[in-house]
1. May I ask you to compute the full-extension gain from residue 94 to residue 174, defined as 0.36 nm times their residue separation minus their alpha-carbon distance, rounded to one decimal in nm?
2. Output the direction-averaged projected area (hull surface divided by four) of the convex hull of the alpha-carbon atoms of segment 61-138, in nm².
3. Multiplying the sequence separation of residue 144 and residue 201 by 0.36 nm and subtracting their Cα-Cα distance, what value in nm do you get?
4. Kirkwood Rh, Cα Rg: Rg to Rh for segment 34-100?
5. Accessible area per residue for the chain in Å², computed with a 1.4 Å probe and the full protein assembly in place, what is it?
6. May I ask you to derive the relative contact order of the chain, considering only C-alpha pairs under 8 Å and at least 6 residues apart, and to give it as an integer percent?
7. Just need the relative contact order of segment 214-327 here, percent rounded to a whole number, with Cα pairs under 8 Å and 6+ apart.
8. Work from the charge dipole of the chain (Cβ charges, +1 for Lys and Arg, -1 for Asp and Glu, about the Cα centre) and give the residue of 300, 84, 225 farthest towards its positive end.
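The values are calculated or read from the model by the stated rules, or taken from the named source; none is laboratory data. Owing to the predicted nature of the structure, the values given are computational and were not obtained by experimental measurement. Neighbour counts run over all protein chains shown; Cβ positions are idealised from the backbone, glycine included. For the accessible areas, the whole protein counts, side chains as well, though only heavy atoms, and no ligand, DNA or RNA atoms are used. Shrake-Rupley method; radii C 1.70, N 1.55, O 1.52, S 1.80 Å.
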Amino acid sequence: MGNALVDLEYQLSDAELTALEVDKGLMTLLDDDQRHALVQRLHGHSTRRTGGGSAANTVVALTQLGGLAHYTCRIADDENGHFYTQDLKRLGVQAQLQIANPAQEHTGTCLVLVTPDAERTMCTYLGATALLDDGAVNGQAIAQSAVYYMEGYLAASPTGCAAALQGRALAAEAGVTLALTLSDINMLRFCRENINAMWGERVDYLFCNEAEAMEASGQTDFEAALATLAPRAHTLCVTRGAAGSVVLQQGQRHDVPAPRITPVDSNGAGDMFAGAFLYAITHGAGVVRAAELGNLTAAAVVAQHGNRLATDTLQNLQQRWLGGQAN
């Protein structure tokens, strides 16, 4: 379950990003007027449009690898909404779509600003997805699932958070594995109460990057952050960019290296890691092998522009992984 967003990606210099006065490397929420003003300031820059949203990127990756996924989201009956719907269908993702009236709401968009150091800065207009509510929850699909995956960005929406919590309760009742991604430092800074509600005392799988781990734990030392977070997840996955990932499972630590690549665009890397990791876990792999596939596919995303990989590219990486060539 997550926010349905159409990504509009721009390539900017550091000076151009600074002039826009947005926080580099983070996600900033915009209202419609702010979004419109920013789009006007970006006029003249080439843009790339893709389907987006953190959880959507994750379930798309899982589906491309051969898994089955059901995605719950909210869009409007507008051009971007039609694009988003067709994109999910093309990629084989089953979806529970709440459809909003285009006269009142617009499909959410995310302006992704990529600088030469490959860092992505996101400026998000939630639009229709801000009103995702528990009417979108499909209890039957949840009960039939191996994993119920919550996107931390839903913490920014009271109704979205409530929907995630209802789904969490249904999943727990059905004995379905619980997974949460912390999504972004700003969700922890400004929506901590809702994140904690989605997290609860413990989840089975927790995904975050190193910066989010530090923020979530309140620690300034990475090892201390791991020790603080580990009791709140059966399996904790922390991505560390070029350093790979750390997986802690019931106190046992695994440091899993990443392939060496030339970074181009970090947008979607964490989403890809989660999708590949969950695919591997649900198809019999252990956590180290799952993290190897996550690192391999996330590195490939970072080495290109765009938040997703082509299906044939992803499947070729899968074959490398199956052959033991994860680095």
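1. 26.8 nm is the gain from fully extending residue 94 to residue 174.
2. It is 6.4 nm².
3. Fully extending the segment from residue 144 to residue 201 adds 18.2 nm.
4. A ratio of 1.05.
5. Details: 13510 Å² over 327 residues.
Counting only protein heavy atoms, the per-residue value for the chain is 41 Å².
6. Relative contact order comes out at 17 percent.
7. On the way: 169 pairs, mean separation 23.9, N = 114.
Across segment 214-327, relative contact order equals 21 percent.
8. Farthest towards the positive pole: 300.
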